[in-house]
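Here the structure is laid out as structure tokens; the discussion comes afterwards.
The values are calculated or read from the model by the stated rules, or taken from the named source; none is laboratory data. Given the structure is predicted, the values throughout are model-derived calculations rather than measurements. In this analysis, Cβ positions are derived from the backbone assuming ideal geometry, glycine residues included, and neighbour counts consider all displayed protein chains.
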Amino acid sequence: MAQSLQYFSSSSDSEFHDENSEDLSHSELDVLPNYLTHDPQTWKSIQLSFNNFTVFPEELGTFVNLVNIDLSNNGLTYISDSLLNLSALQNFTARNNLLDGLPKDFGTMRTLETVNFSGNKFKEFPMQLTELENLKTLHFGANQITYLPNAIGNMRSLEILYLGGNSLTEVPATVGSLNHLTALVLCDNQLNSIPPTFVNLRKLQSLSLHNNKIATLPPEIVSLNLVELSLRNNPLVARFVQDLFFKPPSLLELSGRVIKIERVPYSEKDLPSRLICYLNSAQQCVNPMCKGVFFDSKVEQVKFVDFCGKYRLPLLQYLCSPVCSYKPAYAESDTDSEHSAKSKLKKVLLG
Amino acid sequence: MSEEIMYNQQVCEEQTKYSENSDSDISDKLFNEEMDIEEHDVNCGNEECILNGRCNTNDLPAPSTLSDLIDGLHKIFAHQKINVDFVRNYMSMYKSNHRDWKKFAKFDQHRYTRNLVDEGNGRFNLMILCWNEAQGSSIHSHANSHCFLKVIDGAVEEELFQWPTDSESEHAMTPVQIGTVKRNEVKYMCDELGLHRVSNPSHTDKAVTLHLYSPPFNECTIFDERTGHQQKAQTTFWSKFGKRTPFGKTGGQCTIIEAENN
């Protein structure tokens, strides 16, 4: 079964000890040995980590049957276009090098399934990666990226996405489209929040968020079937936060609310387009008992919700007015208060 | 267990200092000088050793392979009384070789794994833990047992915490010490020293650790860093003797008694 294969990933060595494989790690090489280049088409896997290849060895481009390459820990500064000749390449690992860019047409390597560029010097996320529709595993940890392009949502085959140890302040909502994702690592960044679109990651099993700047989480997160969630070292709201400020709704808002609640019919013939847009932007109050809607005038509220019987998450929600309060169906506990914090749920865990 | 295992308490306290391990010094000290039975060996409590005037663990050669190490540990733990310092030094002497433990090195994308290596005739459990990039454990205790942790690949970070006080109110737990444990280094831990969290701080490299627990245990307490709340957790094995051993339900659901691996 494809899924069980994922569990049995023992040390990466096995790729390089089968037939047509060669392990040349720790060999002080800066050029490929002759016996290797003599018959390039025989080789399927080459392990070249911990050598002195500061540039991608050109002759490797003639090893057209290569499936696996590991060039980790080489001080690699540049990858030339000769890599693109490797039309059978599935796994390309180049951890702990000095790379800050990729060949322009790297996105044409459609056979790639695993790519590992963790521990390099990338300041930007290479757009070429977003063209790899068959990529299942992407490791891009410990670089210096501050921004993820929306196009990351195009990487529809992704199952494992590792982005820990960068400088991301936010994650694009399009990450929610990666519906094959099972493991998502975002720890050690500068994230303030995660997008509510994460609710669409139905296959997600582990989410790593520790060491960020997250104060609250979107309520949608409770519906994920996570087995692992790490949240330590985030400034998570510890106590119930009462919203102090509620801007009274404008006349526009009040009219809009009436139209929506009373279902007054309207069409483009009746109203200017900007009002149509406004009316279409109505959001439903989170309280299921309240049939209210709101536009701009809303109350932020933090509710604590039990998640999986383990975690007590602070979720940020919007209500239509301060007097609108309720008990959410998915929560086992009530609004947190001084009293309930002591008497309720002892089984709290934020690992 | 009817026999009591006694440990040198003073040595326990020394373990909290993160000093450099000078391996060659230890090896010279241990096997070149005669151990005075009055000072060291009489503590082993073994009749045969007392009769001979010498504890037979002094004759243990430095372990070259994991198998050697396991054999040596069996001999050491066959005694009634064991010295923590001795075990720590002995484990330090094994220079990690990937070929020895490759078959136990099973990684999981979602959490660290515990892989049983040897059951130590019931006196101890020896296991290998595999930590993918950025994986870590909860803050946990050690069920009144003694724990030796040796890094055999990569490096791990250890955060030490104090036991939360008994008061009803919630208090955040802050580490009293944070340190790195490097390849071949051995650390000792027990409940008297507090609690700890172990994690792989690297975003690029995996880590593998060798753990010895005596006596063996399968349940411990885990703690919420934000509140100090505690919860029982069952410790389970990803694999035993190199074979995969799944526990309970897989995927999806969490259980209240969490299958926490530590």
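Considering (1) more than 30 Å from B:Thr57 (Cα to Cα); (2) crowded, with 18+ Cβ neighbours inside 10 Å, say which one B:Arg114 fails and leave the rest.
Only one criterion in (1) more than 30 Å from B:Thr57 (Cα to Cα); (2) crowded, with 18+ Cβ neighbours inside 10 Å is unmet by B:Arg114, namely (1).
Before we move on, is B:Thr227 buried (at least 20 other Cβ atoms within 10 Å of the Cβ), within 14 Å of chain A (Cβ to nearest Cβ), β-branched (Val, Ile, Thr) and part of a loop (DSSP other than H, G, I, E, B)?
When the stated conditions are applied, B:Thr227 passes them.
Which residues, counting only those in the range B:206-224, are surrounded by 20 or more Cβ atoms within 10 Å (Cβ to Cβ), out of contact with any His (no Cβ under 6 Å at 6 or more places or on another chain) and either hydrophobic (A, V, I, L, M, F, W, C) or farther than 15 Å from B:Ser137 by Cβ (or both)?
Listed by number, the residues that qualify are B:Ala207, B:Val208, B:Leu210, B:Leu212, B:Phe223.
Run down B:Phe217, B:Phe161 and say which single residue is more than 14 Å from chain A (Cβ to nearest Cβ) and not acidic (Asp, Glu).
Selected residue: B:Phe217, the only one of B:Phe217, B:Phe161 that is more than 14 Å from chain A (Cβ to nearest Cβ) and not acidic (Asp, Glu).
Is the range B:141-153 home to any residue that is surrounded by fewer than 23 Cβ atoms within 10 Å (Cβ to Cβ), in contact (Cβ under 8 Å) with a residue 24 or more places away in the chain, over 13 Å from the mean Cα position of the chain (by Cα) and closer than 14 Å to B:Val198 by Cα?
Within the range B:141-153, none of the residues are surrounded by fewer than 23 Cβ atoms within 10 Å (Cβ to Cβ), in contact (Cβ under 8 Å) with a residue 24 or more places away in the chain, over 13 Å from the mean Cα position of the chain (by Cα) and closer than 14 Å to B:Val198 by Cα.
For (1) modelled with pLDDT of 90 or more; (2) under 10 Å from the mean Cα position of the chain (by Cα); (3) over 19 Å from B:Gln135 (Cα atoms), each residue gets a yes or a no:
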position	(1), (2), (3)
A:Met155	yes, no, yes
A:Leu161	yes, yes, no
A:Asn212	yes, no, no
A:Ser230	no, no, no
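If a residue must be within 14 Å of chain B (Cβ to nearest Cβ) and out of contact with any Ser or Thr (no Cβ under 8 Å at 6 or more places or on another chain), how many such residues does the range A:88-125 contain?
Within the range A:88-125, residues that are within 14 Å of chain B (Cβ to nearest Cβ) and out of contact with any Ser or Thr (no Cβ under 8 Å at 6 or more places or on another chain) number 4.
Note down all Cβ pairs under 7 Å where the first residue falls in the range A:149-161 and is touching a residue at least 12 places away in the same chain (Cβ under 8 Å) and of a type outside the set (Lys, Arg), the second is part of a helix (DSSP H, G or I) and buried (at least 21 other Cβ atoms within 10 Å of the Cβ), and they're at least six residues apart or on different chains.
Close Cβ pairs (under 7 Å, with a partner that is part of a helix (DSSP H, G or I) and buried (at least 21 other Cβ atoms within 10 Å of the Cβ)) amount to A:Ile152/A:Val175; A:Gly153/A:Val175.
If you go through the range B:79-89 one residue at a time, do you hit one that is surrounded by 21 or more Cβ atoms within 10 Å (Cβ to Cβ), assigned by TED's automatic domain parsing to the domain that holds B:Ile152 and farther than 18 Å from B:Leu149 by Cα?
No, the range B:79-89 contains no residue that is surrounded by 21 or more Cβ atoms within 10 Å (Cβ to Cβ), assigned by TED's automatic domain parsing to the domain that holds B:Ile152 and farther than 18 Å from B:Leu149 by Cα.
Please find, among A:Leu66, A:Leu76, the residue that is free of Cβ contacts under 8 Å to residues at least 24 places away in the same chain, of a type outside the set (Val, Ile, Thr) and within 14 Å of chain B (Cβ to nearest Cβ).
A:Leu76
Can you list residue pairs whose Cβ atoms sit under 6 Å apart, with the first residue in the range A:253-265 being surrounded by 13 or more Cβ atoms within 10 Å (Cβ to Cβ) and the second being among the β-branched types (Val, Ile, Thr)? Count only pairs 6 or more apart in sequence or on different chains.
A:Arg257/A:Val293; A:Lys260/A:Val293
With respect to A:Ser208, determine if the residue is crowded, with 18+ Cβ neighbours inside 10 Å and either within 9 Å of chain B (Cβ to nearest Cβ) or free of Cβ contacts under 8 Å to residues at least 60 places away in the same chain (or both).
Taking the combined requirement at face value, the residue satisfies it.
How many of the residues in the range B:173-208 are within 14 Å of chain A (Cβ to nearest Cβ) and either more than 12 Å from B:Phe161 (Cα to Cα) or assigned to a strand (DSSP E or B) (or both)?
Our first condition is that a residue be within 14 Å of chain A (Cβ to nearest Cβ); within the range B:173-208, this holds for B:173-175, B:178, B:195-208.
Now restrict to residues that are either more than 12 Å from B:Phe161 (Cα to Cα) or assigned to a strand (DSSP E or B) (or both): B:178, B:195-208.
Qualifying residue count for the region: 15.
Identify, please: which residue in the range B:150-172 is touching a strand residue (DSSP E or B) at 6+ places or on another chain (Cβ under 9 Å) and outside any strand (DSSP E or B) and is, among those, modelled with the lowest pLDDT? Spell out the reasoning first.
Going through the range B:150-172, the residues touching a strand residue (DSSP E or B) at 6+ places or on another chain (Cβ under 9 Å) turn out to be B:150-164.
Then keep just the ones that are outside any strand (DSSP E or B); that gives B:154-155, B:162-164.
Details: B:Gly154: 97, B:Ala155: 98, B:Gln162: 93, B:Trp163: 92, B:Pro164: 89.
Per the criteria, the residue is B:Pro164.
Between B:Cys130, B:Cys147, which is within 20 Å of B:Gln234 (Cβ to Cβ), facing chain A (nearest Cβ under 10 Å), in a strand (DSSP E or B) and not hydroxyl-bearing (Ser, Thr, Tyr)?
Exactly one of B:Cys130, B:Cys147 is within 20 Å of B:Gln234 (Cβ to Cβ), facing chain A (nearest Cβ under 10 Å), in a strand (DSSP E or B) and not hydroxyl-bearing (Ser, Thr, Tyr), namely B:Cys130.
If we keep just the residues of the range B:96-111 that are in a loop (DSSP other than H, G, I, E, B) and at the interface with chain A (Cβ under 8 Å from one of its Cβ atoms), which is farthest from B:Gln135 (Cα to Cα)? Please lay out each step first, then the result.
From the range B:96-111, those in a loop (DSSP other than H, G, I, E, B) are B:96-97, B:105, B:108-111; that's our starting set.
Next, only the ones that are at the interface with chain A (Cβ under 8 Å from one of its Cβ atoms) stay: B:105, B:108-111.
Values: B:Ala105: 15, B:Asp108: 10, B:Gln109: 9, B:His110: 8, B:Arg111: 6 Å.
The selected residue is B:Ala105.
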